[in-house]
Amino acid sequence: MPESKQVRVSKDAGKGAVSASLKAGNLTAPQKRWLKKGLSQPGGKLPLFDDNGREIPARTIRACIEAGWAEPWFFNPIKPDWLVCKLTPAAIEVLSASQKKGKS
């Protein structure tokens, strides 16, 4: 299995990584597209695949977790290489605010 597909999840992954600089302006375009998908999902669940059926790159997921925008939700024993994540409360607040600002 390619190294990029192997993702290790610890219980504390993403905790403590949230900084005061959590701003939508710091997001890359792929990160923002992925994170915005969670706004319309129950519990802020983030998709594993994009609209074309391609897997979201592990690099995008890891970067969002490290920045405090996403957090691991649960471990999938059937597909251990899949990282199932959800939005953090801070990310929901920032993304919702940026969407409202864009509509005004």
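The values are calculated or read from the model by the stated rules, or taken from the named source; none is laboratory data. What you are looking at is a predicted structure, and each value in this text was computed from that prediction instead of being measured. Note: ideal-geometry Cβ built from the backbone for every residue, glycine included; neighbour counts use all protein chains shown. The accessibility values were calculated without ligands, DNA or RNA, using every heavy atom of the protein model including side chains. Shrake-Rupley method; radii C 1.70, N 1.55, O 1.52, S 1.80 Å.
A13 - would you say it is modelled with pLDDT under 95 and either surrounded by 11 or more Cβ atoms within 10 Å (Cβ to Cβ) or part of a strand (DSSP E or B) (or both)?
yes
Could you check segment 64-104 and list, in sequence order, the residues that are open to solvent by less than 70 Å² (accessible area, probe 1.4 Å), of a type outside the set (A, V, I, L, M, F, W, C) and at pLDDT 90 or above?
Result: G68, E71, P72, K86, T88.
Take K37 and tell me if it is touching a Pro at 6+ places or on another chain (Cβ under 7 Å), among the basic types (K, R) and closer than 24 Å to Q99 by Cβ.
Yes, satisfied.
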